[in-house]
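The values are calculated or read from the model by the stated rules, or taken from the named source; none is laboratory data. Fair warning: this is a prediction, and the values are worked out from it, not measured in the lab. Note: ideal-geometry Cβ built from the backbone for every residue, glycine included; neighbour counts use all protein chains shown. Ligands, DNA and RNA are excluded from the accessible area calculation, which covers all protein heavy atoms including side chains. Shrake-Rupley method; radii C 1.70, N 1.55, O 1.52, S 1.80 Å.
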Amino acid sequence: MKEFKAASRLNRIAPYLFAEIDRKKNALRKKGVNLIDLSIGDPDIPAPEKVVNTLYRSAKIKDNQKYALDQGKDSLRESIQKWFKKRFSVVLDKDGEILPLIGSKEGLVHLGLSFLDSGQYVIVPSPGYPGYRGAAYFSGARIHELPLLAKKHFLPDFSKIPLVVRNKAKIIYLNYPHNPTTALAPESFLKELVKFCLKYGIIIAYDNAYSEIYFDKKPKSILQIKGAKEIAIEFHSFSKTFCLTGFRIGWACGNRSLIKGLLKVKINTDSGVFGAIQDAASYALDKEAAYVRELRGIIKGRKDLFVRGLEVKGFKDVYSESTFYVWARIPSDVKSSVDFAKVLLAKGIVVTPGVGFGKYGEGFIRFALTVNKEKLNQALSLL
Ligand SMILES: Cc1ncc(COP(=O)(O)O)c(C=O)c1O
């Protein structure tokens with residue numbers, strides 16, 4: 001078989017972190033080792049039954065079996081509009097300020113293709129969700145890593161961004177509630193972010209995938225901040241809020257020209273979200289608030305149990321302010337997060353090494369609480 005050389009843009013992409021962990025994990029499983037997998041943010045909790053039933057019913061409707069409209073169904077954009085107004089008191093124009101996506105990751109990456117030219121800078125959080133780097137890799141843009149440090153509550157310091165980067169930056173990706181550190185952003189920080197980006201003409205790509213996975217303080221939307229619609233696009237996901245990761249649906253909302261640019265790439269790339277999935281998503285937003293409340297309760301129970309357990313085991317600096325992750329400093333006698341992840345894998349626990357989220361994630365590991373309390377107790381006993 002002839003081996004083809006891939007396009008040079010692919011050379012910039014490091015092996016997808018979770019794929020590598022998956023391979024090692026599968027090799028152990030093949031050997032019959034029973035693993036507790038706390039590595040991927042894919043909840044074990046079933047999706048709302050009525051949402052699944054809606055999908056099933058809607059799949060039989062002929063119109064849904066055809067190509068979906070690029071902009072998504074009116075009915076879904078209406079549900080998003082209503083939900084957004086109720087949740088954040090922000091009014092969105094359903095025709096120009098909302099765009100359904102095939103999962104938020106798709107939109108986060110396609111935004112880069114829509115707005116980045118080669119040589120421009122993308123500012124990404126470190127540690128941060130690896131998808132943002134994809135936007136830079138595919139568009140030939142340069143990456144500036146923004147350190148998120150524990151001593152600064154995992155919020156970036158804009159004054160440390162070099163002038164050359166500020167002037168050549170086109171997009172800044174930020175995400176609170178934050179994966180992986182679990183940090184929330186106070187309103188004062190969001191105001192500072194909007195002010196900074198208005199000054200330098202930088203697009204804010206605000207990833208709010210975990211907006212509903214909170215415990216005490218309710219996360220904000222960037223669009224609640226005065227002036228944000230001038231420069232911001234916000235991404236939402238059904239994956240975490242309704243445990244619908246496999247359905248592949250999310251949305252972008254905010255600045256009209258950003259929505260329009262993103263739509264242009266999508267029109268030339270995909271042909272919309274399957275209509276029945278759009279109907280199921282509408283149902284979730286319209287009717288499943290109680291499910292989300294219950295989900296938060298389940299995650300809080302797991303988090304309290306696991307954090308207590310880690311502290312008893314002597315872990316220092318354990319963070320769990322929001323999301324279903326726990327971000328914990330590795331023991332001082334272990335050299336790196338990868339080494340520690342290997343130690344835990346040998347004990348039967350799969351975690352994600354912090355360095356996989358960027359170099360400032362080194363020294364930490366991330367536990368995803370996507371298994372039940374019994375398994376979490378089992379994991380604690382193995383630590
Ligand atoms: C911070 C963050 N953003 C976006 C996503 C992508 O979510 P989806 O594409 O399933 O909507 C994830 C998934 O883990 C995430 O952690």
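Here are a few things to note about the model shown:
- Cα gyration tensor shape of region 27-147, rounded if a/c is under 1.5, else prolate or oblate by comparing a/b with b/c: oblate
- Long-range HN-HN contacts of residue 103 with modeled amide H, under 5 Å: 249, 250
- Here region 49-288 has 52 percent of its accessible surface on carbon and sulfur atoms, given a 1.4 Å probe and all protein chains in place.
- Under a 5 Å amide H cut-off, with hydrogens placed 1.01 Å from N, residue 146 pairs with 124, 126 among residues at least 5 apart or on other chains.
- Where the chain is the region considered: accessible area per residue in Å², 1.4 Å probe: 46 Å²
- Mean separation of Cα pairs under 8 Å and 6 or more residues apart, divided by the residue count, gives the chain a relative contact order of 24 percent.
- Translational diffusion of region 228-383, estimated by Stokes-Einstein from the Kirkwood radius over alpha carbon pairs at 20 °C in a medium of 1.002 mPa s, is 117 µm² per second.
- Restricting region 46-131 to GluC sites (Glu not before Pro) that sit in a DSSP loop and have at most 10 other Cβ atoms within 10 Å of their own Cβ leaves nothing.
- Each of residue 74 and residue 264 was given a label point 7 Å from its Cα along the Cα-to-Cβ line. The distance between the two points is 2.7 nm.
- Counting only protein chain heavy atoms and rolling a 1.4 Å probe, the accessible areas of 366, 308 rank, largest first, as 308, 366.
- Solvent-free Debye scattering, log10 I(q)/I(0), computed from the Cα coordinates of the chain at q = 0.07, 0.09, 0.12, 0.14 Å⁻¹: -0.31, -0.53, -0.96, -1.31
- What the Cα convex hull of region 134-257 gives, in volume per residue, is 125 Å³.
- Cα gyration tensor shape for region 247-301, rounded if a/c is under 1.5, else prolate or oblate: prolate
- Residue-averaged 222 nm ellipticity for the chain, from DSSP H runs of 4+ at -39500 (n - 2.57), nearest 500: -12500 deg cm²/dmol
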